[in-house]
1. Of K59/K432; K72/K156; K59/K156; K172/K395; K97/K172; K424/K464, which pairs sit farther than 30 Å apart, going by alpha carbon to alpha carbon?
2. If you place +1 on the Cβ of every Lys and Arg, -1 on the Cβ of every Asp and Glu, and leave all else neutral, what size is the dipole of region 9-57 about its Cα centre, to the nearest 20 Debye?
3. Hey, if you put +1 on the Cβ of every Lys and Arg and -1 on every Asp and Glu Cβ in the chain, which of A457, V18, A422 ends up farthest toward the positive end of that dipole?
4. Name the long-range amide H neighbours of T66: under 5 Å, sequence gap of 5 or more, or other chain; modelled H, no Pro or chain starts.
5. Does region 307-435 come out rounded, prolate or oblate by the C-alpha gyration tensor, with a ≥ b ≥ c the root eigenvalues, rounded set by a/c under 1.5 and, if not, prolate when a/b is larger than b/c and oblate if not?
6. Quote to one decimal, in nm, the extra length available between A329 and H296 on full extension: 0.36 nm per residue of separation minus the C-alpha distance between them.
7. Here are a few candidate values for mean projected area of the Cα convex hull in nm²: (1) 35.6; (2) 28.0; (3) 33.2. Which one was actually calculated from the structure I just gave you?
8. Which of the DSSP-defined H helices in the chain satisfy a minimum axial length of 24 Å, computed from C-alpha atoms, and a minimum mean Kyte-Doolittle hydropathy of 1.0?
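Values quoted throughout were computed directly from the atomic coordinates according to the rules given, and no laboratory measurement underlies them. The structure presented is a predicted model; accordingly, all values stated were derived computationally and were not measured. Methodologically, a virtual Cβ is constructed for each residue, glycine included, from the backbone with ideal geometry; neighbour enumeration extends over all protein chains shown.
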Amino acid sequence: MNKLASLTRKQGAVIVMVITVLYAFAAFFSLGETGSPQSYAYLDEETPFAVFKTEQAPKYLDFYPTFNDNSKYVHVIVEGSSDGQRYVPVFNTDLQKEGYFAAMIWYHVPLDTTENMRFFRVRKNDYWNRLVIAEIAFEDGEGHILAATPADDLAKKMLDEPQTVRQQSTNKNSAIFDESYFPSSAAEMQDGRAAAEMDHPPFARLIIGIGMSLFGRNPFGFRGTQVIFGIVMIPLLYLFALKLWGKVWPGLLAALLLAVDFMHYTQTRLGTLDAYLAVFILLMFFFLYAYHLETHRVKRRLYLLGSGLFTAFAVSTKWSGCYAALGLAVLYFYWLFSDVAADRDKLSVYLVDSLWCVVFFIGIPALVYLLSYIPYRATLEDPGSLLQVVVDHTKTLLAYHTGASTYNNHPYSSRWWTWLLALKPVFYYWDKAADIRIYAAGNPMVWGLGLLGVVFALIRGIAKRQDGLLTIAVAYFSQLIPWFFIGRDTFLYHYYPMVAFLILGVCAMFEDGVRTKSLAGWHRGTVLCFTVLSGAAFFAAFPYTYGLPLSATAYDAIRITLLVIGLLMMAFYFGLRLTDWLMVSPERDERRMSEEQPFRADVFEQSEKTDQKDKSKPNGA
């Protein structure tokens, strides 16, 4: 372990690159299919249905809707006829008991047909504005796809990519959880269609759209950019730790812990918004801290610009980015008052910087937020000015996030205090036939010790006025505290942008080490044990973070076991640090009497080697 303390930055860069590449392989592994249908039929008031003729009466229907309707879901009605004149309903999504239907998911549904039915109409529900289907297939009772003849152009579009048909929905060929909303609305903006769902600002959906433009409108395409952001976040966290401590090993530890975190792995493999938000928030605080350390005036302003730009991206992704922005303000004004109190000559510098802050943290975010609505505006009928669109949509968002629809006690929702140890993971996917489950959870080793770490960073940062530790603490608590007062349904994934700062909290405690020499070995052993257990936990939980066959009993056993081990590790380390604080040794008393500097046994302290060198010197040397 002592070798880690002497690693050069070049060596650290190589190691973090290896960690990143290995993680990238795991992140992209079997991410999703690329063969989803790309064209679609658009049924609306003018063309409400498509007509097909089959060779025999089908028993099942496979279909893949591209967009939701204005209910934020999909409503399909299928009617059958023996003569092509008189039709009767054979399927209706509104009458199904297994749950809602949504975009970008393959559905395999039974049809209530009679033997002589050959004609079928697929139509939209009159109550909703549209039905958008990319591909469709009729099946017999034995799983064979029947030949179907289209009677109109809409039906042709639903039959033009038969090679893409899937007879079973899986997490590899279909959207899961909220993926039915964000990629779909991103595609709607690309095509200039009315957006069915826009419960957050549109900025991050544009990034999802880039992924679909590059890789296609398929699960791989609408998940691809999130994975890339998750990969990039690993070296970014390494650089942040390097900036905080100027040492390689805390950065490598931070990169490794992020790579084995359950939430990071699962959340960045989904077509949702949280991966973008987490990276933007991390960079907000990185650039602000770099600004604080920098003495060159131009570089300071550039760092301040970087922080403001990523603040703009974060706020334009989700409003919860505003919580982190408040943390930036707390740090900036704390440093302003502290520095000016120590040196009045800095007041003029800070006055100029504060004027730039108005541009960087108000002007630029407002501009980015406004411009991100240009594609969304193109989807509206008679939208008015761009500013009016933003104002109107802001009112809609506020009504939604404070309205009754977000207070329905969702079965997977959880309160903020359960997030601290990931007590209620989010259930994203279940393949009943294969017994495959996917949960968004947290690595209890990292989250448990990370909780101690951010508290440590807050206390030590205030007591010792250590700005790096204060940055970690403020970044974490400024995001967490607002959730104390939010009564709507909240979910564990809302905690994800704070995970990076939990990890930095762990690194802060380990870097600080212990002061009692007799405990230095225990501390090094604890760090090693923690690192190994964190990695082992990732592999133990991999079946439910990736999606492998796993029974409910096995899932509960793994999760509870890891939680117990995490709590034990948390308690042990707390006891170790408490013992170090309470222990008074003759050696420490002697140092106090002689007013020497206190002994500091860092994690990778090479004190034993130094002692041996001293003993080898001749007397009087």
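1. K172/K395; K424/K464
2. The dipole of region 9-57 has a size of about 720 debye.
3. Among A457, V18, A422, the one farthest towards the positive end of the dipole of the chain is A457.
4. M104, V132, I133, A134
5. The shape class here is oblate.
6. Answer, rounded to one decimal: 9.7 nm.
7. Identified label for the calculated read-out: (3).
8. 9-28, 219-245, 274-293, 321-342, 444-464, 520-542, 552-582
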